[in-house]
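Inspection log for the structure reproduced underneath, given as structure tokens.
Derivation of every value follows stated rules applied to the coordinates shown; laboratory data play no part. What you see is a predicted model; the values in this text were computed from it and never measured. Positions of Cβ are backbone-derived with ideal geometry, glycine not excepted, and every protein chain shown enters the neighbour counts.
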Amino acid sequence: MNDLKRLPYQPLKALPRPAVGTSEQLIALPEPDRTSGLPLMGALWQRKSTRTFEEQALPPTLLSELLWAADGVNRPQGGGRTAPTPHGENVIDVYAALPSGLYRYDPVHHYLQLKLAEDVRSLTGYQDFVGMAPLDLIYVVNHGRMQDMPPKLRETFAAASAGAMAQNVYLYCASTGLGTVIRGWLNRQQLAEHMSLNEDEVPILSQTVGYPAKDENWLL
Ligand SMILES: Cc1cc2nc3c(=O)[nH]c(=O)nc-3n(C[C@H](O)[C@H](O)[C@H](O)COP(=O)(O)O)c2cc1C
């Protein structure tokens, strides 16, 4: 994002908030539909970043499908994922910051596992929609899984892996009428501390998802 676009945003005082509703230990996700949404070319024509959102929660079907689009298992026999991985190693974990808590997406079992019973959405960035939209994804690189990769390439590999997942989410959102924006403007250290991550785990990108504000087109 360029400086001109940053100007309207006043950095928010980021504080975790009490979870809204019940923080279930596990959120089971419905089986993703194989036929929903626009075909690929239609989605590519619609892909864009959105920065104004409704607060309305995402229904379980959409939450399930977008997590599956990000990093789901699409070849169950070998455990292959929807996004490419360096050396076949899954170096990025996807977290979902929801009003009811912070969850880690488990692609193998296709469920969300509670990490923290707090609403940490506002800690995932500085912009005004952060903490208001119903979902912020957080892409966390696990450096412990990159030990066999050349040190010079690790940062590139991690960024490319998270970027591929983020683009999958962009295309899923475009295909279903959701809005999204990938965000690199975040306080990695503060977020890592609040997420209770290990030393070798670093949040590198966030991605807000929600229904676009009804007047979104007037703001473009
Ligand atoms: C690595 C990366 C980091 C980004 N960080 C932010 C960000 O922190 N905040 C934001 O509003 N947009 C961010 N963006 C989105 C870009 O600003 C956006 O993609 C660009 O303006 C082009 O607009 P479009 O996505 O609608 O084509 C980022 C994009 C990328 C690829």
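A few comments on the model shown:
- Backbone N within the stretch 89-106 under 14 Å of label point (7 Å from Ala28 Cα along the Cβ vector): none
- Estimated dipole of the stretch 71-121 in Debye, rounded to 20 [Cβ of Lys and Arg +1, of Asp and Glu -1, Cα centre]: 120
- Inter-site label distance for Lys48 and Val73 at 7 Å from Cα along Cβ, in nm: 3.8
- Amide H contacts of Gly179: Gly210, Tyr211, each under 5 Å away and 5 or more positions distant or on a separate chain (H built 1.01 Å from N in the peptide plane; Pro and chain starts excluded).
- Value at 222 nm in deg cm²/dmol, rounded to 500, when DSSP H runs of n ≥ 4 in the chain each add -39,500 (n - 2.57): -7500 deg cm²/dmol
- Distance in nm between pseudo-label sites at Ala159 and Thr35 (7 Å out along the Cβ direction from Cα): 4.2
- Our coupling estimate for the stretch 44-52, obtained by passing each phi through the Karplus curve with A = 6.51, B = -1.76, C = 1.60 and θ = phi - 60°, is 4, 5, 9, 4, 6, 8, 10, 10, 10 Hz, Gly and Pro reported as x.
- Note on Asp148/Asp215: beta-carbon distance plugged into 1/(1 + (r/R0)^6) with R0 of 45 Å gives a FRET efficiency of 0.35.
- Anisotropy class of the stretch 70-127 from Cα gyration tensor, a/c 1.5 cut: prolate
- In a simple Cβ point-charge model (Lys, Arg +1; Asp, Glu -1; nothing else charged), the stretch 110-195 has a dipole of about 240 debye relative to its Cα centre.
- Overall form of the stretch 19-219 per C-alpha gyration tensor (a/c, 1.5; a/b vs b/c): rounded
- The Cβ shell under 12 Å around Met132 holds other residues with a net charge of -2, Lys and Arg each +1, Asp and Glu each -1.
- Charged side chains reduced to their Cβ positions (Lys and Arg at +1, Asp and Glu at -1) give the chain a dipole of some 500 debye around its Cα centre.
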